[in-house]
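Colleague: Here you go, one structure.
None of the figures in this text is laboratory data; all of them are computed from the coordinates on show. In this text, all values refer to a predicted model and were calculated from it rather than measured experimentally. A quick note on method: Cβ atoms are made from the backbone with ideal geometry, for glycine too, and the neighbour counts reach across all protein chains shown.
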Amino acid sequence: MSDRDAAETPGTAGPTDGETADDNPSVRRVSDWSADRLAELAAEHGTPLYVQDLDRVRENCERLRDAFPDADVRYAVKAHTGRAVLEAVREAGLDAECASAGEVDRALAAGFGGDRLHYTAVNPPARDLDYVAGVAEAEPDLTITVGAVDTLDRLAERGYDGRVCVRVNPGVGAGHHEKVRTGGAAKFGIPYDRAAEATRDAAERFDVVGIHAHAGSGIDSDQLDSHRELVARMGELARELAEPNDGDAGGDPDGDGPPDLLDIEYVDVGGGFGVPYEEDAPALDLPAVAEATREAVAPLPAGVDLAIEPGRYVVADAGVLLTRVNTVKPTPDERVVGVDAGMTDLLRPAMYDAYHPIRNLGGAEGVDGSDAPAPADRSATPVTVAGPICETGDTLCRDRALADPVRGDLLAVGIAGAYGYEMANQYNSRPRPAEVALDDGTAAVVRRRETLGDLTTVERTGTVTGGDR
Ligand SMILES: *Cc1c(COP(=O)(O)O)cnc(C)c1O
């Protein structure tokens with residue numbers, strides 16, 4: 001039985017014709033996963049272990065496409081770049097939005113053609129520009145999104161004159177944490193009041209196909225107003241660009257100045273669609289967000305489409321991180337539960353103070369000599385769940401009521417599919433965890449667990465080469 005089956009009403013064999021909302025719920029909570037299945041996977045592959053359900057990834061793509069039927073939907077691959085996920089997203093019909101040469105490389109390998117590839121260059125290293133300009137020679141339909149005039153100059157120096165989208169700083173930001181609010185941060189995009197002129201100038205040297213803004217991560221119902229404001233500004237800019245340039249009302253018969261009318265294809269309003277991390281937080285009302293977006297951007301000039309770039313929304317609730325309890329330490333202040341996953345496996349709690357739901361799946365009760373009852377029969381006890389890294393910030397939660405953990409229990413950390421494995425690192429010389437993908441219920445290891453040997457690969461003689469990318 002697949003996890004997807006487990007989440008469905010008993011008695012239904014699977015998705016039938018005429019999909020109902022229940023076939024594709026707006027969020028999959030950590031409590032919806034099959035505990036038995038997760039325990040099996042942990043027993044077979046060890047912990048810490050990421051589990052990513054491709055069926056859920058497909059459902060998330062489908063809900064996005066249903067909510068935004070006329071929009072171009074681009075998956076921001078930085079949320080999860082695993083090959084299996086990229087292939088599932090490509091098959092579901094989404095484009096790929098890439099933030100680096102490495103991501104472009106991965107997207108190409110997963111089968112995205114240039115016409116479905118968008119590279120967003122944020123202070124792009126020379127090496128990345130060289131690589132992407134090279135790719136564009138073979139894949140001329142690739143689009144490069146640019147947020148500074150310097151970047152345009154650097155592309156021109158490399159002989160690039162292809163498709164360009166201009167990233168605008170709308171001066172409005174949304175986001176669940178200061179560090180992921182990008183809309184107002186000067187680092188991103190060309191300031192709104194200079195954007196029209198910069199876009200017209202860019203059209204002299206490049207094929208300008210769109211304008212873009214991304215406000216940050218974590219659009220939820222409370223932040224819908226700032227989302228609406230950003231989208232409205234972008235709609236306004238699109239209309240301005242579609243009108244004759246006031247400064248050059250007589251036209252430009254010589255063709256050596258900025259073109260009067262810009263013929264753009266799309267207005268990309270970015271990603272940031274929120275996911276309910278807290279157990280009692282409501283799921284994002286995606287149809288309502290879509291409606292608000294369409295209303296705010298309207299009326300778009302003829303031939304100009306809306307585009308969106310969700311990352312988190314596509315993969316977050318399709319993933320869990322499994323970790324085993326190895327230490328339980330009562331102290332006068334708190335009960336500390338030590339586990340084998342830490343901030344090197346899942347950085348978000350340490351970096352953003354992010355909340356991830358945690359469910360005790362038990363397991364200790366099945367072990368010889370343990371007298372622990374099943375988790376459902378244990379009392380909810382406030383605990384701090386801490387990892388093995390020598391950092392105070394290395395906790396997955398503090399003062400959280402869990403079914404009282406004992407040594408040997410398996411914990412599932414929920415909504416871990418976005419920016420989870422992606423931000424994993426080797427600090428404290430910790431090999432990165434393994435990842436298993438579920439596809440129609442069948443599990444396959446898609447990222448093997450790193451070994452101690454992997455930690456030193458790049459510093460061993462013979463493997464250290466110049467590196468041409
Ligand atoms: C990160 C990013 C996204 C996706 O953000 P999510 O919060 O994961 O939806 C989209 N567009 C750009 C340019 C980004 O940098």
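Colleague: Using alpha carbon coordinates only, what is the Rg to Rh ratio of region 40-149, with Rh defined as the Kirkwood radius?
Modeller: 1.04
Colleague: I want to check the label-to-label distance for Asp115 and Glu365. Put each point 7 Å from Cα in the C-beta direction and report it in nm to one decimal.
Modeller: Result for the modelled spin labels: 5.6 nm.
Colleague: Between Ser429 and Asp161, what is the FRET efficiency for a Förster distance of 51 Å, r being their Cβ-Cβ separation, to the nearest 0.05?
Modeller: The calculated FRET efficiency here is 0.65.
Colleague: Here is a follow-up. Could you work out how much longer the chain between Lys329 and Asp225 gets when fully extended? Use 0.36 nm per residue separation minus the Cα distance between them, nm to one decimal.
Modeller: Contour length minus Cα-Cα distance gives 32.9 nm.
Colleague: Take Asp70 and Asp440, extend 7 Å from each Cα along the Cα→Cβ direction, and tell me the distance between the two endpoints in nm.
Modeller: Between Asp70 and Asp440, the simple spin-label model gives 3.6 nm.
Colleague: For a quick size check, give me the Cα extents of the chain along its three principal axes, largest first, whole Å.
Modeller: The principal-axis extents, from largest down, are 88, 58, 44 Å.
Colleague: A follow-up question, please. Taking only Cα atoms, what is the 0 to 90° angle, nearest 10, from helix 224-241's long axis to the longest principal axis of the chain?
Modeller: Once rounded, one gets 20 degrees.
Colleague: Now for a different question. Extension gain Asp280-Thr381, at 0.36 nm per residue separation less the Cα-Cα distance, in nm?
Modeller: Additional length available on full extension: 34.5 nm.
Colleague: What does the convex hull of the alpha-carbon atoms of region 54-314 project to on average, in nm²?
Modeller: Result: a mean projected hull area of 13.5 nm².
Colleague: Identify the chymotrypsin sites (Phe, Trp or Tyr not before Pro) of region 393-467 meeting these criteria: DSSP loop state and at most 16 other C-beta atoms within 10 Å of the C-beta.
Modeller: Working: sites: Tyr419, Tyr421, Tyr427; in loops: Tyr419, Tyr427.
Within region 393-467, the qualifying chymotrypsin sites (Phe, Trp or Tyr not before Pro) (loop, at most 16 other Cβ atoms within 10 Å) are Tyr427.
Colleague: Right, next: Just from its helices, what would the mean residue ellipticity at 222 nm be for the chain, if runs of 4 or more DSSP H residues each count -39500 (n - 2.57) and the sum is divided by every residue, rounded to the nearest 500 deg cm²/dmol?
Modeller: For the chain, the value works out to -8000 deg cm²/dmol.
Colleague: Remind me, relative contact order of the chain in percent, using alpha carbon pairs under 8 angstrom and six or more residues apart?
Modeller: Values: 987 pairs, mean separation 83.9, N = 469.
Once divided by the residue count of the chain, the mean separation gives 18 percent.
Colleague: Can I ask one more? Scan around Gly216 for amide H atoms under 5 Å from its own, H built in the peptide plane at 1.01 Å from N, and keep only partners 5 or more places away or cross-chain.
Modeller: Ala174, Thr182, Gly183, Gly271
Colleague: Another question about this same structure. Can you list residues whose amide H is under 5 Å from Thr145's amide H, if they're 5+ apart or on another chain and H is modeled 1.01 Å from N?
Modeller: Under 5 Å from the amide H of Thr145: Tyr119, Thr120, Ala121, Cys165.
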